[in-house]
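In what follows, a single structure is set out as structure tokens and then discussed.
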Amino acid sequence: MGVQSFLWNGLTWTILVVAIVYGTLWIDASFEDDCADLFFTDDPQLMEWESKGEYVKVFNRYNIFVVDSLKSANSASRVSVDRTLLVVHGFPTSSVDFAPSLTRLHERFDRVILVDLPGFGLSDKPACLAYSLQEYADVLLAVWAQRNVTGGHLMLHDMGDSVGEELLVRADRGQLPAFLQPTESTHAAQVFPSVTFNNGGMHIELASLRVSQYLLRVPVFSRLFSHLFNEFVFRRQIRSILGSPDALSEADLTTMWQAILHKNGWRRIPQTIKYIDDRYRFQNARLIPTRTALSMPVHVLWGRLDTVAPLAIASAVMADLPSDSSTLTLLDAGHFAMLENPMNWADAVLNFYQSCHKPSSGWCSVIDQAPVE
């Protein structure tokens, strides 16, 4: 009986492995043609967001969606670095996450620039990109160059935290292009006057990654899992990292999902999620050392109910930062504070600049907008 059981289990595992390998090879073949049966969304929220922006071609090949929002009809060239906000979204969503807060952000900034990174949102999602943190930074720099950006405050979320840190590393080392950093002696704070980090895996060892985030990074399973990934699974996972399961409306979740489907973005998920591997690879040797030496005001704006990027990460980030120029704001929200409660999130952003970003008044240390339990 034991031998029969052993043989049966062996046969079962053999069939499973063969099915996975065959399925993966079959799915790989279906991923080869970027232009075959492209899906284009007609989601109302995404279409409205698209009407506010335009497409910029980078590297003479890829169309990247950008919203370059001006407070008034003033020319963008007349907006100073201090009145410019540069927004970088997270995984697996896009710049539309910040749409509900855009009007409020203009209370402080005359110009707000939001970019859909390649592989996300309304931008192109080609198979041939590396989808690395370095490549994302290159794309942002290419877009900013075409938009005549000379610097600005950084607003970062989730994966965007890591992309922003790559930019800060380059600024610290004098490695930004000349339109941002004319000389090697141009200080990073002159290019990026402040930084706001929103919920993200900035200490990746403390993140509570989902099973799907592990499977999508394993070559044998990634293609198969992404092929089986559907809207039900997506909604369930997003709701699990919110402050409460109903914090986002059905329309918000539909918009998120449609942004992934647009231009067959679901095919790119096994590639775009590799930023986690980059985070592990570069965190201790490249990103954290620069973080500890930042001289500009830094705002750690965290939804403390987040279960994937828990409060422990915010605490660890604050421990890395110079105490005289860093501020921690805790919100009673989950991973998507800017969507779960746009008004509270925008209030926290504006409060930081009103009360903390004034050299004559000194720096704030902690602002807790969440109820104390």
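The values are calculated or read from the model by the stated rules, or taken from the named source; none is laboratory data. Please read all numbers here as calculations on a predicted model, not as lab measurements. Ideal geometry is used to build each Cβ from the backbone, glycine not excepted, and the neighbour counts take in all protein chains shown. What goes into the accessible areas is simple: the full protein's heavy atoms, side chains included, and nothing from ligands, DNA or RNA. Shrake-Rupley method; radii C 1.70, N 1.55, O 1.52, S 1.80 Å.
Counting Lys +1, Arg +1, Asp -1, Glu -1, what net charge surrounds E50 among other residues with beta carbon under 11 Å of its beta carbon?
Around E50, the charge tally is -4.
Neighbours of K71, meaning other residues whose beta-carbon lies under 14 angstrom from its beta-carbon, give a summed charge of +2 when Lys and Arg score +1 and Asp and Glu score -1.
Restricting the calculation to Cα atoms, the range 165-314 shows an Rg/Rh of 1.02 when the hydrodynamic-style radius is the Kirkwood one. Across the range 85-213, counting alpha-carbon atoms alone, Rg and Dmax equal 14.7, 45 Å.
Separation of the range 53-82 from the range 92-129 is 11 Å, based on Cα centroids.
Share of carbon and sulfur in the accessible area of the range 173-282 stands at 59%, probe radius 1.4 Å. Summing Lys and Arg as +1 and Asp and Glu as -1 over all other residues whose Cβ lies under 15 Å from the Cβ of N284 gives a net charge of -2. Rounded to two decimals, the Cα-based Rg/Rh of the range 107-173, with Kirkwood Rh, is 0.96.
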